[in-house]
1. Of the numbered conditions (1) at pLDDT 90 or above; (2) more than 12 Å from chain A (Cβ to nearest Cβ); (3) outside any strand (DSSP E or B); (4) out of contact with any Phe, Trp or Tyr (no Cβ under 9 Å at 6 or more places or on another chain), B:N65 satisfies every one except a single condition; which is it?
2. I'd like the residue in the range A:1-36 that is assigned to a helix (DSSP H, G or I) and among the charged types (D, E, K, R) and, out of all such residues, is farthest from the chain's Cα centre (by Cα).
3. Report whether or not B:R100 is closer than 27 Å to B:A26 by Cα, within 12 Å of chain A (Cβ to nearest Cβ), basic (K, R) and surrounded by fewer than 24 Cβ atoms within 10 Å (Cβ to Cβ).
4. Please tell me if B:A60 is farther than 19 Å from B:Y34 by Cβ, assigned to a strand (DSSP E or B) and small (G, A, S).
5. Taking the options A:L128, A:L124, name whichever one is free of Cβ contacts under 8 Å to residues at least 24 places away in the same chain and not in a helix (DSSP H, G or I).
6. Sort through A:T298, A:T329 and tell me the only one that's within 20 Å of A:F21 (Cα to Cα) and either touching a strand residue (DSSP E or B) at 6+ places or on another chain (Cβ under 9 Å) or surrounded by 24 or more Cβ atoms within 10 Å (Cβ to Cβ) (or both).
7. Output the residues belonging to the range B:110-122 that are more than 8 Å from chain A (Cβ to nearest Cβ) and at pLDDT 90 or above.
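The values are calculated or read from the model by the stated rules, or taken from the named source; none is laboratory data. This structure is a prediction, so every number in the text was calculated from the model and none was measured. Note: ideal-geometry Cβ built from the backbone for every residue, glycine included; neighbour counts use all protein chains shown.
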Amino acid sequence: MRPLTFRKLFFQCLLLAVILFFVVILALKFGAVPVSLYALGRDLLRVLLGQSSQISSDYGLIIQNIRFPRILLAIIVGASLSVAGTSFQALLRNPLADPYVLGVSYGAAVTAVLGLVAEPHLALPPALAALFTPLCAFIGAVATITAVYFLGRRQGQIESNTLLLGGVITGYFLSAIIVFLLSTVNSSNTRGMVFWLMGNLSTSFQKSVYWFLAAGFLVATGVIYASANDLNILLSGEKEAMHLGVDVRRVRFVVYVAASLLTGLAVSVSGAIGYVGLIVPHIIRLIFGSDHRTLLPTSALGGAIAMVIADTLARIVVAPNELPVGAVTAVVGAPLFIYLLRRRLA
Amino acid sequence: MSPGRSSAAPRAPLESTRVGTEVRLAVEQVSYAYSANPSQAPLFTLEATSFQARPGEIVAILGPNASGKSTLMQLIAGVLSPLSGRILLNGFVIHSLSPRTRAQRIAMVQQESRLLFPARVWEFVMQGRHAHGRSLRFESHTDMQIVQDALLHVSASHLSDRLMDQISGGEKQRVILARALAQQPLLLLLDEPTLHLDIAAQVGLLDALRRLSARYRYTVIVVTHELNLAAEYADQVLLMQSGRCLRVGPPAAIYQRELLEQVFQIPLRVEMRGHGRPRVTILADS
């Protein structure tokens, strides 16, 4: 009997944070233009000392204005998708659930595209205009998870395989709608098809968008984390959880909304990146166990690490060209998904 | 099976000195109806049922399949709310308590659903402490002590660090009971706890139940198909048939040949044994 203590949790997170730090350094170093670790260290020191002006301008431009914002985006998107995946897995009691597999990412993408098309015609105040697309994506995510949830329900019980199949088919349907929308509406504001269908982290945004994403991530993850113990018990089934004192309806509602928000935020800035929310929580579970008090924060860090690595690979594998990051995560994720599916059926 | 230390014993209610005089659970004219669709006639109804149970008492609910045993159990657990009537636990209406408060007073033992991810036995039993703590917290020393004692009470201490999917059916059933004990309830509900258990394990489980209910004044309600085990262990028997409660009373009064034959649709013989408990023999089809 060795129960979880705060100390243990802290060191687990610290370990992952250190790994994330080194991964970020390497991600800054690698790319179309090589940067030496020495130069990176020197520039980092200068930034810390408040002497950013001494950084040579082209290095500064690449590191500060191109690579760093992109890594930041990868961190937030990876962490959001992992936390959303972990939450869906617990709520649906299905270890194969993930925003992408369930079609939720595509649902968010459909409404995000619609939002982008509609936004110029709405004459919104600029503060609201920046939030409009993420908000649309959130609504799409909530609508899709609701639809898939009811598709997977039979006689009041969630049926795992029906649910997964329902999610996959919904995803196909929605991706067809995305293709249709992007083919018919030729708005200058919409990004390409590959962006929405495969995911891409190369778009750069205004500074306020990063703050908004980070704040949304922290709030939604905090809300889910407050139910960590309830989620642990939900794993034994909704009926049992009720008998053990979990307010199942409240927890389900709150966590669905928060996980959909995370998915919507991630999709609105990066498109539908697959499998991260599936694979990362699984690997984390193998290492740290399935207690959500540990699983949620470590998955968030793990998702950030995985996404930074995937995006770095996407940048350097076919340099100077780029792969969409979703292609990298799918190449690694899909075989792992099949492995997990086979193992579960066995 | 040795009794646990009293330091972290499950809550010993004040009323334990006044053995079984006051009513703990009162089921008053409770009815229920299931229907797939509100506009249609109900598929199943539970007609007005009443009975009372005292601290330390074991009540067995008997009846053939689809007689309403499990529905009654869900109503007592507060998961379903009755169509009419009310169920009181120490004077409080059960289904209007919050899930947390309810879980502090009522524990349910049923066939457990398959676990999604492997859990250790002690982690599983620790779930019983959920309703007693804040949502986001770490297990306290007291929780650990209560879990250890609960495992001790069902003689499963040695299983503590094993994985739930690596223990036998009988061991698992005892661990599920331990989780219910860790809830420190007033009311212990068991839905066919002896299903899939061999005879020795069945008797072991019920012996443990009787000892625990005598010691900690749990009121135990158990749904079962085992006529003889109910006769041996129950203080009261509730006999049900197609949504109606036919009789309530001590086994000796309920176990009458004609009545049981009519309810269970099988020829049988009832004999009264020396200690006043009946025994049922099913007669082979002749």
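1. For B:N65, the failing item is (1).
2. Kept after step one, since they are assigned to a helix (DSSP H, G or I), are these residues of the range A:1-36: A:6-29.
Applying the additional criterion that residues be among the charged types (D, E, K, R) yields A:7-8, A:29.
Values: A:R7: 27, A:K8: 26, A:K29: 24 Å.
Going through the qualifying residues, I end up with A:R7.
3. Answer is yes for this residue.
4. In short, yes.
5. Working: A:L128 fails: not in a helix (DSSP H, G or I).
Matching residue, one of A:L128, A:L124: A:L124.
6. Answer to the selection: A:T298.
7. Scanning the range B:110-122 gives a single hit, B:V121.
Residues checked against (1) part of a loop (DSSP other than H, G, I, E, B); (2) at pLDDT below 90:
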site	(1), (2)
A:V209	no, yes
A:L213	no, no
A:F217	no, no
A:S236	yes, yes
A:E240	no, yes
A:V254	no, no
A:A259	no, no
A:V267	no, no
